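One structure below.
The values are calculated or read from the model by the stated rules, or taken from the named source; none is laboratory data. For clarity, every value in this text was computed on a predicted model and none was experimentally measured. Heads up, the Cβs are rebuilt from the backbone with ideal geometry, glycines too, and the neighbour counts pull from every protein chain shown.
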Amino acid sequence: MLCPTCGKDLKKGSRFCAYCGTTLSEEDLVERLEPEDVPPIEPPKPPEPATAKYAPPPLLTSPPPQTTAPAQMQPPVPPPPPSMPTPQPSFQSPPLPATATPVPPKERRRKPLVLLALIAIVFVLAAGGVLLAVVLTSTAKVEVPNLVGKNIAEVRQTLQQRGLNIEEAESSQSRYADGQVLSQNPDAAVSVAKGSTVRVVVNKRTEGGDSGQNTGDTGQDNNQNNQGEAQDISSAATITASSTLPSDAPGINYGTANLVDNDNSTCWAEGNPGYGINAWVKFTFQSDFQVTKLSVIPGLLKMDGDKDRWLQNGRLKTVNVIFDGGVQVSHTFQDEKTYQDITLPTPVKTRTVTVVIVDAYPGQSGPTWTVAQDTSVSEMHVFGYLPGV
């Protein structure tokens with residue numbers, strides 16, 4: 001821009017000439033502006049957002065309730081241009097935790113507890129497995145085999161293989177081989193728990209056996225001497241009884257024929273009230289013979305599942321054995337599940353043998369049965385010499 005008076009180059013926008021002092025009019029200013037001297041009009045630039053400076057909040061005894069930064073921590077924002085959005089600070093300071101002792105991570109404290117829990121679980125499972133094995137072993141069922149008629153050595157081996165125990169009793173029966181099993185309890189085909197005891201009666205023959213001797217007070221003849229062992233002559237007799245218990249189920253009877261059938265699961269049962277005191281059984285033969293002994297199972301030697309018929313019913317305790325001519329012998333049985341012999345001091349010549357109940361062992365109730373007030377006898381055999389034998 002030039003001064004109109006002195007022509008000096010003036011600074012743009014000057015109102016006076018610094019050289020001559022001429023006052024410049026508005027027209028002089030407009031006319032002398034060169035087009036290129038006019039600055040272009042540019043849109044206003046938005047102000048740059050102010051950067052928030054971090055100022056730590058004062059220490060608190062408890063965490064601040066709000067999750068955002070307090071208002072005093074945010075710097076003031078200048079009013080934006082009308083066309084521009086209000087800039088927001090890019091930094092938001094987190095609240096400081098309360099002044100407290102640092103706590104170790106929970107995971108580290110849980111590890112010992114988890115380890116103890118795992119050890120406890122393993123121990124419980126192991127103990128449960130052992131208990132289950134014991135229970136399964138104790139509740140395992142085994143079927144009792146048929147042992148009657150077999151040799152005792154074979155019987156022992158058979159029971160051992162099946163996990164069963166054995167209890168042995170002896171009886172002397174001349175018509176059976178030495179070591180032969182005469183009876184068993186429980187019966188064959190009965191299922192029992194493994195480890196149960198099976199009771200057997202084993203025949204034990206004595207050399208020479210019972211021999212007839214001349215006894216003047218019993219009317220014996222010398223022709224019976226040295227005739228060998230006495231025989232079971234029960235099957236040659238007619239057997240009667242003072243009373244018999246009526247049948248209580250189809251196919252079941254308590255008759256006297258059961259006394260000589262060599263089947264421990266059957267029995268003669270008296271029919272008197274109570275335990276049959278003074279009830280009797282009588283063997284009658286067609287001719288005289290010499291009796292040497294009686295062999296008796298004095299109760300019902302039978303197991304019905306878990307029902308023990310021996311304990312449920314009455315058993316012979318004391319009996320009187322009466323022969324012809326008034327000869328009489330008294331005998332007391334043990335309450336044992338086996339054959340028990342009534343051996344006479346000397347053979348007695350007689351045609352009849354009568355066994356009278358004097359006393360009985362009473363029945364007992366059990367976990368699966370009630371008392372039956374009946375005296376029952378599984379077997380009763382008479383041994384002696386028939387005429388001409």
Discussion item. I'd like to check something: does the range 353-366 contain any residue that is more than 35 Å from the chain's Cα centre (by Cα), crowded, with 19+ Cβ neighbours inside 10 Å and at pLDDT below 95?
Written reply: no
Worksheet item: If a residue has to be surrounded by fewer than 21 Cβ atoms within 10 Å (Cβ to Cβ) and not in a strand (DSSP E or B) to count, how many in the range 367-382 make the cut?
Response: 6
Item to complete: Scan the range 206-226 and give yes if some residue there is in contact with a Leu (Cβ under 7 Å, 6 or more places away or on another chain), of a type outside the set (Gly, Ala, Ser) and at pLDDT below 95, otherwise no.
Response: no
Discussion item. Considering only the range 249-261, I want to know if a residue exists there that is of a type in the set (Val, Ile, Thr), surrounded by 12 or more Cβ atoms within 10 Å (Cβ to Cβ), at pLDDT 80 or above and not assigned by TED's automatic domain parsing to the domain that holds GLY305.
Written reply: no
Discussion item. I need the full set of residues from the range 297-333 which are over 41 Å from the mean Cα position of the chain (by Cα) and surrounded by 23 or more Cβ atoms within 10 Å (Cβ to Cβ), in order please.
Written reply: VAL319
Worksheet item: Which one is surrounded by the fewest Cβ atoms within 10 Å (Cβ to Cβ) among residues in the range 156-201 that are under 18 Å from THR266 (Cβ atoms) and either in the same structural domain as SER295 (by TED's automatic domain parsing) or among the small types (Gly, Ala, Ser) (or both)?
Response: ALA189
Practice prompt. Check off (1) modelled with pLDDT of 85 or more; (2) in contact with a helix residue (DSSP H, G or I) (Cβ under 8 Å, 6 or more places away or on another chain); (3) not β-branched (Val, Ile, Thr) for GLN231 and give me the number that stays unchecked.
Written response: (2)
Worksheet item: Quick one: how many residues across the range 111-147 are modelled with pLDDT of 80 or more and either closer than 22 Å to LYS194 by Cβ or loosely packed, with under 10 Cβ neighbours inside 10 Å (or both)?
Response: 8
Item to complete: Identify all residues within the range 174-184 that are assigned to a loop (DSSP other than H, G, I, E, B) and touching a residue at least 60 places away in the same chain (Cβ under 8 Å); write none if there are none.
Response: SER174
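When only residues in the range 230-256 that are among the polar types (S, T, N, Q) and part of a helix (DSSP H, G or I) count, which is farthest from VAL348 (Cα to Cα)?
Going through the qualifying residues, I end up with THR256.
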Practice prompt. Working only within the range 185-198, note down all residues that are modelled with pLDDT of 80 or more and in a strand (DSSP E or B).
Written response: SER191, VAL192, ALA193, THR197, VAL198
Discussion item. Checking the conditions here, which among LYS349, LYS302, LYS307 is under 20 Å from ASP263 (Cα atoms) and in contact with a helix residue (DSSP H, G or I) (Cβ under 6 Å, 6 or more places away or on another chain)?
Written reply: LYS302
